[in-house]
1. How would you order 140-148, 116-124 from highest to lowest mean count of nearby Cβ atoms within 10 Å?
2. Just grab the label-to-label distance for S38 and L99, each label 7 Å out from Cα along the Cβ direction, in nm (one decimal).
3. The range 32-151: Rg/Rh from Cα coordinates, Kirkwood Rh?
4. By how many nm would the segment from F82 to E112 grow when fully extended, if each residue of separation counts as 0.36 nm and the alpha-carbon distance is taken off?
5. Can you work out the Karplus-derived ³J(HN,Hα) for every residue in the range 119-132? Use 6.51 cos²θ - 1.76 cosθ + 1.60 with θ = phi - 60°, whole Hz, and x for glycine or proline.
6. Among N113, S34, P78, whose Cα lies farthest out toward the positive end of the dipole of the range 32-151, if unit charges sit on the beta carbon of Lys, Arg (+1) and Asp, Glu (-1)?
Amino acid sequence: MRRPFLALALALSACRSLPFVPRHESEDAKPPASFVRSTADVRATRMIEVREGLARPQALRILTDALSERFVVEVTDPRAGFVMTAWQSGVVRDGVPDLRYRTRLIARFMGENWNALQLRDEANWARGDEWDIGYDAAQLDTAATLLRQRLGKQP
C-alpha cells in the first residue's frame, strides 16, 4: 500500500519543481496595429469643413452614399444630421472575420447651417470578458480623407 502512495507523492513533487513558462501571445491574439487604445474623443475625432452651397438633404445623401461604399449605415437622423455605421469586424484572419475586433464610424453635421462634419471612430478589442476601448487610426484617416473629397471645400 505504501508504494502507490509513495509513487504519487514523488510524481506530485516532481511536477511542482518544474519551472513555470508563461505563454506568449501569438500574433493573432493581438489587435491590429492600427488600433489605438484611448478614451480621448479628441484623438478619435476629425473635423471636416463642408463646402458652401450644399443643401442639408444633399449633404446627408453624399455622406451616407460615401459611408455605404465600405460600411453598413445603421442609423440615420436627417433632422439632427447624424449617421452611424453598424459595428463590423475589421480584421480577417485565415479567411474568417475576427470577432474580437470591431469598429464603427459616427458622423454628425455641426452648426446651424451644417458647415462642419464631425467624424468619430470607435474600435473595441475583446480581451477575455472585457473590451479594450479605442479607435482605428487607419480607418479614421481613410474615412476622413474620403469625406473631405466628397463634402469638403474645393480648392
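Since every read-out is calculated from the coordinates, none of them should be taken as a lab result. Quick caveat, the model's predicted, so the values are computed rather than measured. In this analysis, Cβ positions are derived from the backbone assuming ideal geometry, glycine residues included, and neighbour counts consider all displayed protein chains.
1. Details: 140-148: 17.4, 116-124: 20.4.
Output ranking for 140-148, 116-124: 116-124, 140-148.
2. The answer from the label model is 3.0 nm.
3. Working: Rg = 14.8 Å, Rh = 14.9 Å.
Radius of gyration relative to Kirkwood radius: 1.00.
4. Working: separation 30, 0.36 × 30 = 10.80 nm, distance 1.34 nm.
Stretched out fully, the F82 to E112 stretch lengthens by 9.5 nm.
5. 10, 10, 10, 10, 9, 10, 10, 7, 10, x, 8, 10, 10, 7
6. About the Cα centre, the residue reaching furthest to the positive side is N113.
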